[in-house]
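Working notes, structure below.
No lab work stands behind these numbers, since they all come straight from the coordinates. The structure displayed is predicted, hence computed values, not measured ones. Here the Cβ is made from the backbone with ideal geometry for all residues, glycine too, and neighbour counts use every protein chain on show.
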Amino acid sequence: MGGLTLRRGLSFAETAYGGVILDMRRGDYWRLNPVGAAVVAALVADGGADPVAAITAQFEIDVTTARRDIDELLDRLRDLGLVVA
C-alpha cells in the first residue's frame with residue numbers, strides 16, 4: 001500500500017457523499033463512496049497516512065476487512081491508471 005499516489009494531473013476532492021478523483025485535462029471523474037474517499041484522502045495526505053488506520057478509525061470495520069477492501073480498491077485504481085508508485 002505504501003508509496004502510492006495519484007497519477008500526475010489528477011486531483012482529489014471530498015464531497016458530501018464521499019469523494020471524486022478529477023482529471024481536468026480530459027474532463028473525466030471517478031466517484032468514490034465514503035470509505036474509498038477516506039482511502040484516497042490518506043494516500044494524498046502529506047506523508048501518506050496509513051489507509052488502514054484511517055478507515056478503521058472512521059468506520060466500524062475490522063483490520064482484516066479493511067485491508068481486503070483497500071487492496072481491492074487500489075487494484076482497481078491501478079487498473080484504471082489512477083494511482084502510481
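Full extension of the segment from N33 to R78, taken as 0.36 nm per residue of separation minus the current Cα-Cα distance, would add 14.5 nm.
Computed from the Cβ-Cβ distance with R0 of 25 Å, the FRET efficiency linking E60 to T15 stands at 0.70. Charge tally for D23 (other residues, Cβ to Cβ under 15 Å; Lys, Arg +1; Asp, Glu -1): +4.
Extents of the stretch 1-44, largest first, come to 27, 25, 10 Å (Cα atoms, principal axes, whole angstrom).
Just so you know, the Rg over Rh for the chain is 0.94, from Cα atoms, with Rh as the Kirkwood radius.
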